[in-house]
1. Could you list, in sequence order, the residues of the stretch B:50-70 that are at pLDDT 95 or above and charged (D, E, K, R)?
2. With the requirement that a residue be crowded, with 22+ Cβ neighbours inside 10 Å, within 13 Å of the chain's Cα centre (by Cα) and within 14 Å of chain B (Cβ to nearest Cβ), what does the stretch A:75-102 give you?
3. Check A:E52, A:E56 and return the single one that is touching a Phe, Trp or Tyr at 6+ places or on another chain (Cβ under 9 Å) and among the charged types (D, E, K, R).
4. Tell me which strands (runs of 3 or more DSSP E) are completely within the stretch B:12-73 and hold 2 or more residues being surrounded by 13 or more Cβ atoms within 10 Å (Cβ to Cβ) and away from chain A (no Cβ under 14 Å), or say none if there are none.
5. Can you tell which of A:S59, A:S20, A:S71 is touching a residue at least 24 places away in the same chain (Cβ under 8 Å), surrounded by fewer than 17 Cβ atoms within 10 Å (Cβ to Cβ) and away from chain B (no Cβ under 11 Å)?
6. Scan the stretch A:23-49 residue by residue and report those that are within 13 Å of another protein chain (Cβ to nearest Cβ) and more than 14 Å from the chain's Cα centre (by Cα).
7. Every residue in the stretch B:84-114 that is at pLDDT 95 or above and not in a strand (DSSP E or B), please.
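The values are calculated or read from the model by the stated rules, or taken from the named source; none is laboratory data. Since the structure is predicted, the reported quantities are computational estimates derived from the model, not experimental observations. Backbone-built Cβ (ideal geometry, glycine too); neighbour counts: all protein chains shown.
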Amino acid sequence: ETGVTQTPRHLVMGMTNKKSLKCEQHLGHNAMYWYKQSAKKPLELMFVYSLEERVENNSVPSRFSPECPNSSHLFLHLHTLQPEDSALYLCASSQAVPVTGELFFGEGSRLTVL
Amino acid sequence: GESVGLHLPTLSVQEGDNSIINCAYSNSASDYFIWYKQESGKGPQFIIDIRSNMDKRQGQRVTVLLNKTVKHLSLQIAATQPGDSAVYFCAENRGNTGFQKLVFGTGTRLLVSP
């Protein structure tokens, strides 16, 4: 148990669906992250929030829309995704940005786009 | 481009052996490095970190070595156990001012045979 909880753990959606991934951290951290993990590719940073403000948007397509209503919760809204978006989406948190200590990762949400 | 990479995609060892996992990085300005372990179906988990003002750091059964001259990082695991089987990632904290981000390598799979 890392203190970072992601739901759902598995999601299958069609290209026209709208769905959301949820992340919650119980660590009192101020920064939260979305990473994408595809087969045979490095972990790719997608978004970073610090104190509920987005500080990094790493050239992510607009079909991915993040939301951070407070420092404990982070969402990734998904709309009209492509099959190549199928991947493991990992949420992480850290005490602060810039990263001066470890990232705490959730278990991930495995997304399959049909 | 992003260039934190690992030399070997898969490392197979016998239980009780010592394991060495290597990582090359390209940004000489990176000042902080972390090793993560990712077991099947789980998110990455922090193992050990090292700052650029050090060349060696030891943990429980693990040692990280940093050679800034050749921009090389290694993770040594003593008396490797079957529970050490996982994918291991190195990450560098890259950035000079303002926002810094962790850049991950592609990962090395460690297989430990009983």
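1. B:D55, B:K56, B:R57, B:R61
2. Passing the criteria: A:Y89, A:L90, A:C91, A:A92, A:S93.
3. Numbers: A:E52 fails: touching a Phe, Trp or Tyr at 6+ places or on another chain (Cβ under 9 Å).
Checking each option against the conditions leaves just A:E56.
4. Working: elements: B:19-24, B:32-38, B:45-51, B:56-58, B:62-67.
Hits in the stretch B:12-73: B:19-24, B:62-67.
5. Details: A:S59 fails: touching a residue at least 24 places away in the same chain (Cβ under 8 Å); A:S71 fails: surrounded by fewer than 17 Cβ atoms within 10 Å (Cβ to Cβ).
Only one candidate qualifies: A:S20.
6. Those that are within 13 Å of another protein chain (Cβ to nearest Cβ) and more than 14 Å from the chain's Cα centre (by Cα): A:L27, A:A39, A:K40, A:K41, A:P42.
7. Listed by number, the residues that qualify are B:D84, B:S85.
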